[in-house]
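Below: the structure, in structure tokens.
The values are calculated or read from the model by the stated rules, or taken from the named source; none is laboratory data. This one's a predicted model, so the numbers in the text were calculated from it and none came from an experiment. When we count neighbours, we look across all protein chains shown, and the Cβ atoms used for this are built from the backbone with ideal geometry, even at glycine. All accessible areas refer to the heavy atoms of the entire protein, side chains included, with ligands and DNA or RNA removed. Shrake-Rupley method; radii C 1.70, N 1.55, O 1.52, S 1.80 Å.
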Amino acid sequence: MTGPTPDPADTPKHPAAAPSAGTDGSGALPGQTAATPDTAGSDGAGSVPGRSPQGAERTAAAPSGPEGRSAAGETPRRAPGPAVTATATATAAGAPAASGAHGTGPGGATTPEPAPRPGGTSGTAEAPAPGRAPGTGPGAAIRRATRKVRLTAAVLAVLAAGAVILAVLNSGTRHGHLDPRSADPTGSRAVAELLKERGVTTRVVTTAREAADATGPRTTLLVTEPDLLGATQRSVIRSAIDLSGGRTVLLAPGDTSLSDLSPGVRTEGDATTDDLDPRCTLPAAGSAGRAGTGGGLRYSTAVPGVTSCYPSGGHPTLLVLPTGTTGGDTVLLGSETILLNESLAEEGNASLALQLLGSRPDLVWYLPSLADSDPAAGSGDEDKTLFELVPAGWSWALLQLFLAAVLAALWRARRLGPLVTEKLPVVIRASETTEGRARLYRKAGARDRAATVLRAATRERLAALVGVPPSRAHEPAALVPAVSARLTGGPRDVTDLLFGSIPSDDAALVALADHLDALEREVRTS
């Protein structure tokens, strides 16, 4: 005998609850009564909302008992446990339930457990800390600061490397004043290159002995700064002048060096005009014409056979003196202008320089060093400034470093504009701050400080309630009468409560806090 046919509304909706083979469509075996639908929130065949498909299938396929009830109906129901509560909370918060888990819920139905975390750890995913935006916090701030420091260091390293490279590249071409290897405005590389095109070989020496050894009938010796030579060096150069048979050119020699290198010649002050006319019979001067021999020293001499050119104020600025050796001569040039790169192309400077220095196939360019200088020489000269002592290449490097420092300062300087609100890494509630400070007071035993803070805060609030100005809230004469006038009970010692002594123990401190709270509440409600 079969039981009543279930209502279609009570038919299980899940495919796992469909009748299996051999049933009569009611979910019960032949000759047995169909299972009564569960009334505790089931939707047919004993299924429960949230139940996994496997659990629903096992319940639907369970055989009925002898009394016509299904085995699932005989299973005792379990009370909701922690897993059910956690799942319900997650579901209410909008978190999807994970399928395939096996917890036990109301009515014996299985309930899903939280999905496993990445890495195999089960449990509910942890939400980010409240008040903290992604990418904020101490770690992110440290990473940003580290990136800024690395970027600044990289920029400074690039600038320093550029300055070093420029200094190295320019070290071979910038050698200072009157140097034939220098392309500076005050160098002499241009005239050396012109002489090279005409077959004249230029050799640079830095000691008097090297200069004397290199002289000969086919050489021209150029002494750029004769006044820097010591007595020994001047004696060596004088011997070379008398014995070489070649030409010696002295640039702007003064009285100190003339006494040894060219006796019988003395200086007559400075020339007043820069560019002068030759006014002599010297072939080199005649072909060069007007040249920049002025602006330096003028000379006078009584030595016979001297050729005087480019006079200024009656005194020549260029002298050619014969030497004891046949074919040799000495040229005194009062100005170095015709040898400088910046003025070589002016007037007849280039022509005069090439003829004076290119009369022989070899040119010995003597640049006196500090080792050849006389300590007493130049004592009357004007002291050089710091910038004059710094080589030209280093001055450019210092300028580049200064510009780099200015750019770095502008880059890192504060910008003027509106304030930008930044999110705090961690938001701490006021109650936590209060509790933390209270714990510190208790740990340090600072009852005096705690009592002072409590009384001061109470006095400020009471002053606002009774109309006492904030500036006089901590004056007993102003606050106590106003507070006492608002009290309705019997007389009380308000002065001792608001301005009294320090509590002796923690119990007294707690009692003080209670009394202050009661006093403020009474004044507020009066």
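Observations, loosely collected:
- Equivalent-ellipsoid semi-axes of the range 288-340, from the Cα gyration tensor, Å, largest first: 20, 13, 9
- Note on surface exposure: Phe402, Phe499 rank Phe402, Phe499 by accessible area, highest first, 1.4 Å probe.
- With every protein chain in place, the range 250-375: carbon and sulfur % of accessible area (1.4 Å): 50 percent
- Global form of the range 210-286, assessed from the alpha-carbon gyration tensor, a/c cut-off 1.5: oblate
- Relative to the Cα centre, the charge distribution of the range 277-381, modelled as +1 at Lys and Arg Cβ and -1 at Asp and Glu Cβ, gives a dipole magnitude of about 380 debye.
- Gyration tensor verdict on the range 445-526 (Cα atoms; rounded if a/c is under 1.5, prolate if a/b is larger than b/c, oblate otherwise): prolate
- The range 423-526, relative contact order [Cα under 8 Å, separation at least 6], %: 29 percent
- Between the listed residues Pro283, Thr201, Leu229, the Cα displaced farthest toward the positive end of the dipole of the range 185-294, a dipole computed from Cβ unit charges relative to the Cα centre, is found at Thr201.
- Residue-level accessible surface for Trp396, protein heavy atoms, 1.4 Å, Å²: 140 Å²
- The charge dipole of the range 194-240, taken about its Cα centre with unit charges on the Cβ of Lys, Arg, Asp and Glu (plus for the first two, minus for the last two), comes to roughly 160 debye.
- Arg266 versus Val158: modelled label distance in nm, points set 7 Å from Cα along the beta carbon direction: 6.6 nm
- A straight chain from Thr207 to Leu398 at 0.36 nm per residue would run longer than the Cα-Cα distance by 65.6 nm.
- Surface accessible to a 1.4 Å probe, Leu243 within the full protein complex, Å²: 140 Å²
- Rounded to the nearest 20, the size of the Cβ-charge dipole of the range 211-368 about its Cα centre is 480 debye, with Lys and Arg at +1 and Asp and Glu at -1.
- Per residue accessible area of the range 149-261, 1.4 Å probe, in Å²: 48 Å²
- Net charge, Ala291 excluded, C-beta distance under 10 Å - Lys, Arg +1, Asp, Glu -1: -4
- Hull-based mean projected area of the range 385-526, where the convex hull spans the alpha carbons, in square nanometres: 18.7 nm²
- Mean separation of Cα contacts under 8 Å (6+ apart) over length of the range 435-485, as relative contact order %: 23 percent
- Semi-axis lengths, largest first, of the ellipsoid equivalent to the range 268-310 are 17, 17, 5 Å, with √(5λ) applied to each eigenvalue of the Cα gyration tensor.
- Count Lys and Arg as plus one, Asp and Glu as minus one, and take only other residues whose Cβ is under 12 Å from that of Leu195; the net charge is then +2.
- Cα-based convex hull volume of the range 233-322 per residue, rounded to whole Å³: 95 Å³
- For the range 190-342, the residue among Leu297, Gly327, Ser312 whose Cα projects farthest onto the positive side of the dipole built from Cβ charges is Gly327.
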